[in-house]
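The values are calculated or read from the model by the stated rules, or taken from the named source; none is laboratory data. For clarity, every value in this text was computed on a predicted model and none was experimentally measured. No Cβ is skipped: glycine too gets one built from the backbone with ideal geometry, and neighbour counts run over all protein chains shown.
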Amino acid sequence: MSKVLLVHAKGGPPLGHVLSRTAAKADVHLLALSALPPAVAGSARRLCASVVTPADAHHHDLVSLIVARAEAVGADAVLTFSEYAVVAVAEACAALGLAGAGKAAALARDKRLMRRTWRQQGLPQPDFRSVGTEADLRAAARALPGPLLLKAAWSAGSTAHRIIRSPHEAPAAWARARDVMAESARLGYAELHVAEADAHYVVEQIVTGTASDWFDEPGWGDYVSVEGVVADGVFRPVCLSGRMPTVEPFTERASITPAPLAAFAQERIVDLARRAVDALGLRDCGTHTEIKLGADGRMWLIETAARFGGAMTVPQIEEVFGLDLVGMLVDHLLERPVEWPERALAPEQARGAAGSLVVLAVDGHGRAWPDRRVWDFPAVSADAPLSRGSVLSVVAESSLADGSVVPVYDPAAGANTMAALCLLSAADAQTVLRDFESLVDALPRVLPAARPEEVPA
């Protein structure tokens with residue numbers, strides 16, 4: 001049987017989902033750069049031919065570590081689903097002569113390089129500046145019309161995003177973003193290959209999105225993602241996912257598959273995603289492209305990743321469209337024939353809908369809960385007001401244990417302050433959206449109140 005080296009780090013689809021689909025296609029050797037989630041540690045050792053955890057995930061030469069492990073197990077393919085290991089795995093694949101994202105992987109990881117490439121190609125995106133110091137940020141804040149958004153160039157999950165509404169806010173924004181990136185690194189949510197990544201930032205204009213020009217019903221966020229793959233250098237779109245509005249500054253709350261868009265709108269969005277991916281020159285990898293939607297048909301590129309969407313995007317696609325993207329990518333990397341969709345799948349081809357909700361301690365308007373609560377999924381599942389036929393579950397490996405105090409939402413830390421990740425299946429995308437809205441409103445009521453002695457100082 002073929003052998004696959006799977007490089008695990010934080011982020012990406014749930015490891016349990018990835019492991020089971022990969023193990024169905026090949027013998028899996030797991031190189032764990034992050035600790036295995038307790039919920040899947042047992043199954044990982046059953047499913048994998050070997051599990052190796054290096055003493056230092058921030059290896060001085062991560063590419064050499066991956067290459068050495070791949071050679072030791074005789075890997076026929078090497079892959080990762082984590083944003084933080086994408087570049088290292090791509091470089092290792094190139095060194096091994098195996099299919100991978102290719103030399104351009106860094107363009108889909110470093111937001112500075114990504115935006116420069118798109119600007120050279122004339123693709124629509126917010127105006128931006130690369131910044132590496134507080135002085136750079138102050139200069140950019142004077143040069144660009146505000147409001148502006150400061151982003152860490154190598155971050156994920158909306159981490160270290162800071163809104164700058166006037167130039168005098170730049171120093172505080174810079175200091176807070178740097179602090180958050182340092183804390184994220186301590187938690188394991190940081191680039192594993194590029195040593196100086198924590199010093200790279202971009203600041204960009206905040207463009208005005210308009211969901212009402214694109215969706216027939218209210219409540220949708222003003223951006224979507226195009227899920228796809230690049231196979232032998234050819235972009236293959238799979239489907240579109242919609243969003244709930246973000247929580248300030250731009251923390252994602254929910255992803256819903258499929259996005260209920262008209263055919264002509266979906267075609268325009270997919271065309272822009274194709275041009276964005278093609279411009280980056282990727283070879284063999286999953287892709288996840290986010291696009292902001294504006295008035296009068298305007299669109300702006302947010303970012304493209306050389307991996308599948310994180311959270312439950314991949315399981316959602318499998319549920320509603322019947323496509324095992326993990327298994328299909330493994331087959332492709334092992335040079336087996338794969339039938340990718342001829343074009344992006346439309347809502348009418350879906351079997352119902354599915355969505356994932358990030359549980360944050362804020363209400364539907366982004367306001368903090370009035371008091372501290374304890375995460376308790378049985379209480380949520382018993383009392384959550386859902387539509388008839390809707391099914392709610394919790395992703396254990398991506399959630400706090402029941403009885404844990406829900407963290408206070410920190411706008412700068414983004415998804416780092418999430419309490420849980422929930423999956424909901426329903427008859428259609430609109431029902432998922434409405435159920436999520438009801439669930440967000442109900443959470444501070446149905447979750448037990450935290451006792452004073454349970455709240456950390």
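May I ask you to verify whether residue 37 is within 24 Å of residue 416 (Cα to Cα) and buried (at least 19 other Cβ atoms within 10 Å of the Cβ)? No; evaluated as a whole, the condition is false for this residue.
Does the range 181-197 contain any residue that is farther than 26 Å from residue 10 by Cα and outside any strand (DSSP E or B)? Checked the range 181-197: no residue is farther than 26 Å from residue 10 by Cα and outside any strand (DSSP E or B).
Filtering 123, 149 for residues that are in a loop (DSSP other than H, G, I, E, B), over 18 Å from the mean Cα position of the chain (by Cα), crowded, with 16+ Cβ neighbours inside 10 Å and among the hydrophobic types (A, V, I, L, M, F, W, C) leaves a single hit, 123. Residue pairs whose Cβ atoms lie under 8 Å apart, separated by 6 or more positions or on different chains, with the first residue in the range 71-97 and touching a residue at least 12 places away in the same chain (Cβ under 8 Å) and the second assigned to a helix (DSSP H, G or I) and among the acidic types (Asp, Glu), are 96/71. Residue 444 - would you say it is assigned to a loop (DSSP other than H, G, I, E, B) and in contact (Cβ under 8 Å) with a residue 24 or more places away in the chain? Spelling it out, it is not the case that residue 444 is assigned to a loop (DSSP other than H, G, I, E, B) and in contact (Cβ under 8 Å) with a residue 24 or more places away in the chain. Criterion applied to 455, 440, 391 was being surrounded by 15 or more Cβ atoms within 10 Å (Cβ to Cβ) and either under 30 Å from residue 181 (Cβ atoms) or at pLDDT 95 or above (or both), and the one residue passing it is 440.
Matching residues to (1) of a type in the set (Asp, Glu); (2) under 30 Å from residue 27 (Cα atoms); (3) touching a Lys or Arg at 6+ places or on another chain (Cβ under 8 Å):
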position: 303; (1), (2), (3): yes, no, yes
position: 312; (1), (2), (3): no, yes, no
position: 352; (1), (2), (3): no, no, no
position: 355; (1), (2), (3): no, no, no
position: 380; (1), (2), (3): no, no, no
position: 384; (1), (2), (3): no, no, no
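Tell me, yes or no, whether the range 277-300 has at least one residue that is among the small types (Gly, Ala, Ser), buried (at least 18 other Cβ atoms within 10 Å of the Cβ) and outside any strand (DSSP E or B). Checked the range 277-300: at least one residue is among the small types (Gly, Ala, Ser), buried (at least 18 other Cβ atoms within 10 Å of the Cβ) and outside any strand (DSSP E or B). The numbered conditions (1) closer than 18 Å to residue 265 by Cβ; (2) out of contact with any Lys or Arg (no Cβ under 8 Å at 6 or more places or on another chain) are all true for residue 222 except (2). Looking at residue 146, is it at pLDDT below 95, touching a strand residue (DSSP E or B) at 6+ places or on another chain (Cβ under 7 Å) and not charged (D, E, K, R)? Taking the combined requirement at face value, the residue satisfies it. Of the numbered criteria (1) out of contact with any strand residue (DSSP E or B) (no Cβ under 6 Å at 6 or more places or on another chain); (2) assigned to a helix (DSSP H, G or I); (3) over 27 Å from residue 334 (Cβ atoms), the one residue 140 fails is (1).
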